[in-house]
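What follows is a short report on a single structure.
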């Protein structure tokens, strides 16, 4: 049986505690990639959250590119980095998974997020642990079932991401409807 580490290259994020923050305006400014960014990338929707944590540093740090597959060691979820998060700094809580021509990126995200065999392996790894955080070794050692042909992977991955986008749009629509109704109720109550 193949392991994830056999088919994917792992690039760990920058250790946050080692990043030396500077006040020098000439230093590059980086925005940290976080869980809300991952949710945006999964839904394919920008939620316009303005509370982004940033840092200025001359240190060499790991940043994300659009299309990277990122895995959260905190949540056990993965996503594909969108254009809005291009150049974001990712910390040791995230891993960039680099696929080759035998593994479709969207299919890999589907597999890591939805496959019951993978979920079971991740859960077993957390049992007895005080801190609910996955390890890089644990993720590399995930056993994979036989992979479908690359064309089938692409179709499955595309369908998965289309469904996530549809869900995200429905959720956004419901939130906006609630805001409109609440505003109408507020106006009526002040008449």
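Report the calculated FRET efficiency for residue 167 and residue 7 (r = Cβ-Cβ distance, R0 = 30 Å), to the nearest 0.05.
Details: r = 28 Å, r/R0 = 0.93.
E between residue 167 and residue 7, to the nearest 0.05, is 0.60.
Given the -39500 (n - 2.57) contribution per DSSP H run of 4+ residues, what per-residue ellipticity at 222 nm results for the chain, rounded to the nearest 500 deg cm²/dmol? Let's see the in-between values first.
Details: 6 runs with 79 residues, N = 191.
Calculated mean residue ellipticity at 222 nm is -13000 deg cm²/dmol.
If you average the alpha carbon positions of the stretch 124-191 and of the stretch 77-94, how far apart do those two centres end up, in angstrom?
15
By how many nm would the segment from residue 187 to residue 141 lengthen if fully extended, with 0.36 nm per residue of separation less the alpha-carbon distance?
Working: separation 46, 0.36 × 46 = 16.56 nm, distance 5.76 nm.
Residue separation times 0.36 nm, minus the Cα-Cα distance, leaves 10.8 nm.
Kirkwood hydrodynamic radius for the chain: how many Å is it when counted over pairs of different Cα atoms? Don't skip to the answer; put the middle values down first.
Details: mean 1/r = 0.0540 Å⁻¹.
Computed over the chain, the radius equals 18.5 Å.
I'm checking a number: the convex hull volume of the Cα atoms of the stretch 101-165, normalised per residue, in Å³. What is it? Could the numbers behind the result be given before it?
Details: hull volume 6.4 nm³, N = 65.
Enclosed volume per residue, from the Cα hull, is 99 Å³.
What is the projected area of the convex hull of the Cα atoms of the stretch 1-88, averaged over all directions, in nm²? All intermediate terms of the calculation are to be shown ahead of the outcome.
Numbers: hull surface 28.1 nm².
Mean orientational projected area (the stretch 1-88, Cα hull): 7.0 nm².
Could I have the simple spin-label model distance between residue 20 and residue 102, label points 7 Å from Cα toward Cβ, reported in nm to one decimal?
4.3
Quick note: the coordinates plus some simple rules give every number you see, no bench work behind them. Computed from a predicted structure; not experimentally measured. When we count neighbours, we look across all protein chains shown, and the Cβ atoms used for this are built from the backbone with ideal geometry, even at glycine.
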